[in-house]
Every structure is written in C-alpha cells, then in structure tokens.
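Below: the structure, in structure tokens.
What follows draws every value from the coordinates through simple rules; no lab data is involved. Predicted model only: the values in this text are computed from it and were never measured. Positions of Cβ are backbone-derived with ideal geometry, glycine not excepted, and every protein chain shown enters the neighbour counts.
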Amino acid sequence: MADTPLIADYFDGQHAQAIPVELSVHGDMLQLTGAAVSSQIPLREIRWPERTRHGARIAQLPDGGALHARAPAEWDQWARHHHIGEGWVVQVQQSWRLVGVAVVVLLALCAAGYLWGLPLASRGVMAVMPRSVDQQVGEIAMRSVEETWLHPSKLPKAEQERLRALFLQAQARWQSAQPPGTPALPVKIHFRHARIGPNAFALPDGSLVFTDQLVKLFKGRDEVLVGVFAHELGHVQHRHSMRLLVQSGLLGAAASVAFGDFSQVLAATPALLGHMAYSRDFEREADDASIELLRANNIRPSVMAGLFEELAAYRRRPLPEEDDKKTKDGAKAPEEDSSDREDEGDDEDDFGIAFSSHPADAERIARFKEADQR
C-alpha cells in the first residue's frame, strides 16, 4: 500500500477539467503520470498542504497547476510514508501535548510581558516624555473628576489656607534637603467635598486633592495630614499615574494587534487615571517619599501607622441609615457627626487612585514604624 502510486486530480492552471494522474516519488522528484501528462517536479518546489482533521488536500505546483487529493486519508498516509508536508509545525498541531505546552508557554510569556515588560517599556517612554505632557493630562483629569466625584469644599477658607501653607512649608523643608539642582515639584493643593470618603489623591500635573472628610477625620493631627501630603507628593515625584497611563496605552496597543481598535482606551484616559490602582512597588516608593519628607520636618514616620488604623476603623462605622435603625430598635446611635457620610455611596470604592483604597496591610504599617528606628 505504501509504495502504491497515489491517484489524484491534476489541474494544469489553464483548463477547468481535472486530469486523473498517478503520483509517485523517485528520490527528490515527484512523478506525475496520466493521460497526456508525464512530468517530474522537484519536491522542494511544491507547496504541500498541511495535514488537518478536515478540509481538502491541495498541492500547489510551481507552474501554476495544482494536485487535488481524492481521498484525504489516503493522501495523508502516502505523504507520511514519503515524509512530505510533515514539518515541525504540522507535527505540533497534531499533538495535543505539544499544543498544551505551547499554550502554557504563551501564557507565561504574556504574564512576563505584563509583569516586567510593560513596566520596563513604560520607563523607557517616560524617560523621553516631557513634564509638559503630565501638565496637560493632569488638567484634563482634574476637570473630569470635578464633574464626576468632587464638589466645592465645606471647610472654612481659613482652615484651607492654613493647611495649604502647612503643606507647602513642609515641602520647602524637604526640598531644601535635596541635592542641589533638584527641580522643585509644581504642587496645587485642592480641598473638595466628595462621595469618596476620607481620601487624598494626586494627578500628574501636581494637583493634590484632599477631601473634607479626611481633614475632619484627622482634625488636630496635622502631622498625619502632612504624611498623607508627602505620600501623594511621592506619586507626583515618581510620575506614577503617568507611568500607569503609559502602561495602559501600551497594553491597549498590544491588544489592538490581537483584537482590533483600541481608540476607546484613549478616549477613556481621564477615567483610567481615576480607576487605576497603584502597584505595590509604586506604593513603596511613595511611602519612602513620605518617610523622607516627615523626617525633614522632624515628624516621626510612625504617625502614618495611625492613619491606616483610623481609616480601617472609619470603614467599619455604620452609615447614617444604619444608625437610625439602631436608634429605633432602642440602641443608642454613635455620637458622631454623620453628615460627612450621608453622601457616601458606591463611589467610595470606585476611585482606585485614592489613598484609602491603598492596602493598609501589616507590611506598610511596619515599614513606617521601623522608620522611627533608622
């Protein structure tokens, strides 16, 4: 059977009628024999079809002709015997084990690209991107969040000015301790009433936003607010939000190669800045900046441990409607001003860039406490 010539249909590329021929292999040549057909063609010049479970088998000849298999199974058996069209790609495609290995390798490469390739590429982009881009993106993002989450502050103007002067003075002390020639960071401090609870966040242009709820929660504890300011200043210093935005753009570009247009990603730039969460490495860099600025102002870094604990306790407090229910059931409602929480809703957990969404885990608390000893 294996040495028996294979019967196939030959099309010369000029006529529509098929000509039955016998195919046989002699060395590195394919012999075609049939009615008015007798020729030899080098095997290497023929484009052989890949073996698949379904579909026709058509070999393309160098003169424009073609050979069509009558019975794919017989063609495959004949081709395997003569080692024709059985490249390594076909062998992999026909092996479930090799396909499985290829899928695992592909997933590993995608994961490595996401975890290490994207951050590396973003650093390269950021190295040549001027700060003027940060300014433009930050202004757009600020307008977007103003329309979505933020409202005019209810804090007294005098208190806002006092805190603004306190933060800028703390920054000036930190700046004076930097190496000569270190550029000053442009900072614009905003206070806003918002539905995102006690929060602070930074935008690429140096806009630092503090919510009224955060200021009220730490009333009389200016050193904690200075620590929050320093943390967000660290995000601006290291251009974290822009790096995340670049990574998202690169990821969108990669996805567009595989899935199509990614213009919607670019259109959603302001929203991306609001919803992206910083990586642990970015948080560590911002925490280090906070520790550095606190030390420059003779403030113990461990005050930040109290911040995490207070925010965690705040999250556990019942909302106003829960207070009312407890009161109706005979229990005494907590003695606190619940007006700061009456506006809060699902938006509080949606603002991924906000300080309170950062994981207040034991590692970060220990980091600030250990900084007191260094």
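Just to confirm the filter: which trypsin sites (Lys or Arg not before Pro) across region 185-214 are DSSP coil and have at most 14 other Cβ within 10 angstrom of their Cβ?
Details: sites: LYS188, ARG192, ARG195; in loops: ARG195.
Answer in residue order: no site qualifies.
So if each residue of separation counts as 0.36 nm, and I subtract the Cα-Cα distance between ARG173 and ALA56, what length gain in nm does that give? Could you put the intermediate results ahead of the total?
Working: separation 117, 0.36 × 117 = 42.12 nm, distance 7.76 nm.
Difference between extended and current length: 34.4 nm.
Based on Cα positions only, what radius of gyration and what Dmax would you give for region 6-85, in angstroms?
Answer for region 6-85, Rg first and Dmax second: 11.6, 33 Å.
Among the listed pairs LYS188/LYS369; LYS219/LYS369; LYS157/LYS219, which have their C-alpha atoms separated by more than 20 angstrom in this model?
Working: LYS188/LYS369 29 Å; LYS219/LYS369 22 Å; LYS157/LYS219 15 Å.
Pairs exceeding 20 Å: LYS188/LYS369; LYS219/LYS369.
Would you mind ranking GLU363, GLU232 by Cβ crowding within 10 Å, fewest neighbours first? If you can, show how the numbers build up before the last one.
Values: GLU363 12, GLU232 29.
Lowest to highest Cβ neighbour count: GLU363, GLU232.
Which loop trypsin sites (Lys or Arg not before Pro) in region 94-186, with loop taken from DSSP, have no more than 16 other Cβ atoms within 10 angstrom of their Cβ? Don't skip to the answer; put the middle values down first.
Details: sites: ARG97, ARG123, ARG131, ARG143, LYS154, LYS157, ARG162, ARG164, ARG173; in loops: LYS154.
Filter output for region 94-186: LYS154.
Return the FRET efficiency for the residue pair ALA127, SER279: r is the Cβ-Cβ distance, R0 is 22 Å, and the value is rounded to the nearest 0.05. Working shown, then result.
Details: r = 19 Å, r/R0 = 0.85.
Step by step, r from the Cβ atoms, then E = 0.75.
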